[in-house]
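The values are calculated or read from the model by the stated rules, or taken from the named source; none is laboratory data. The shown structure was predicted, so the numbers you read here are calculated from the model rather than taken from an experiment. Here Cβ is always computed from backbone atoms with ideal geometry, including for glycine, and neighbour counts include all displayed protein chains. These area figures cover heavy atoms from the full protein model, side chains too; ligands, DNA and RNA do not enter into them. Shrake-Rupley method; radii C 1.70, N 1.55, O 1.52, S 1.80 Å.
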Amino acid sequence: VFTSEVATELAAEGTITDAAEDFGQVAPELAFVDDPPTTALDQADNPDDTNDQPPITDADADADADADADADGTTSSSTEPGATVPGSSVTTAGPDTTTPGAPSTAGLTTTTGESPTTSTTTTPSTTTTTATTTTTATTTTAPPPSGQAWLVGSGGYNTSQSYLPLDGSPAGGSLPNYDTDRDGDLGLLVKKGVGLGEADETKMQRWWEPFGSATQLKGVPTLELWVATKDFDTGKSGQVVAGIYDCQANKSNCTLLASGTASFNQATFGSDFGRVVIVMPAVDMTLAANRGLMLKVAVPGGSDDDLWFSYATTTYPTQLSIGN
């Protein structure tokens, strides 16, 4: 091969004056070749060439290729096309398996390795239903008596008593003196005071009925009683107040349930007792077992004078009722 180097040497020896021109006349169809590969044939034709090298064998070529690859930072491998080299980020080219219409990933560098997997566990919501057992204590309540009424009694006493029986039996005959310790007149004398708040037993009277079991009270309490001004003074008017209470068995801790007031003119009754009706507000409640019902009457300050009361006889039956 007639190279530019050969032409330069001939020109230096004076063999040719213009190496480039003579080169074109001698081999116009050839072109300069820079750094041609050195072969055994070149060594035979030009033994003095400064670039002479030993004959290149196939093994040497392979070694040179490996060395060049090492210098370039690449690795020569005989890996099957399409396989991934273990521990490497290089994927060798393989058959095109790209789905038609999808972007091709051929020639891209793919990093292989274990991708962290995030596992999300959803715990089903569990609703616990607790059965509720309600135990209801059964209390036997005495139904309201038919006409629910109490005929107040005297207890057979002829002296004043703090409490008299609410549920009594009227006695026949004439009216007795119930308070021989207070005066010598028939019936019971109650002096004028402050009303239901009175604590002086001479200015009020109480009747009491205990209940062994729970008892229902439902309806309008009505008290029918016989009363007169002291000495049957027809020139005066009288006033009486009454209330019913829920009390403990020992007659303490009483709660007022209902009350009412009635007024009268003695001139209407003349020289006798007259019937007075006191209507109280309706009640609807149950008295617990071992409690009781108390009736209290008093003479408030609005009365002209003290009053006389009669009860517990067939002639003057005083009665408390709770009904419609």
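When only the heavy atoms of the protein chains count and the probe is 1.4 Å, how do Cys247, Cys254 rank by accessible area, highest first?
Most to least solvent-accessible, the answer reads Cys254, Cys247.
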Legend entry - Spin-label model distance (nm) - Thr315 vs Ala289, 7 Å beyond Cα toward Cβ: 4.5
Inset, instruction - Using Cα centres only, tell me the gap between the range 198-257 and the range 148-192 in whole Å. - result: 13
Legend entry - Interchain or long-range residues, amide H under 5 Å from Leu164's placed H: Arg206, Trp207, Trp208
Inset, instruction - Sticking with the crude label model, points 7 Å out along Cα→Cβ, report the distance from Asp200 to Asp304 in nm, one decimal please. - result: 2.1
Inset, instruction - In whole Hz, with x marking every Gly and Pro, tabulate ³J(HN,Hα) for the range 230-235 from phi via Karplus 6.51 cos²θ - 1.76 cosθ + 1.60, θ = phi - 60°. - result: 4, 6, 6, 6, 6, x
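Mind ranking 237-243, 204-210, 181-187 by how tightly packed they are, going by the mean number of other C-beta atoms within 10 angstrom, highest first? The partial results should precede the final answer.
Values: 237-243: 22.1, 204-210: 20.6, 181-187: 13.7.
So the order, starting with the most tightly packed, is 237-243, 204-210, 181-187.
What do you reckon, how do Tyr245, Tyr311 stack up by accessible area (1.4 Å probe), largest on top? The partial results should precede the final answer.
Numbers: Tyr245 30, Tyr311 5 Å².
Final ranking, largest accessible area leading: Tyr245, Tyr311.
Starting from 0.36 nm per residue, how many nanometres of slack lie between Asn158 and Asn265 once their C-alpha separation is accounted for? Please report the intermediate quantities before stating the final value.
Numbers: separation 107, 0.36 × 107 = 38.52 nm, distance 2.81 nm.
Stretched out fully, the Asn158 to Asn265 stretch lengthens by 35.7 nm.
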Legend entry - the range 170-324 - charge dipole about Cα centre, Lys and Arg +1 at Cβ, Asp and Glu -1, debye rounded to 20: 440
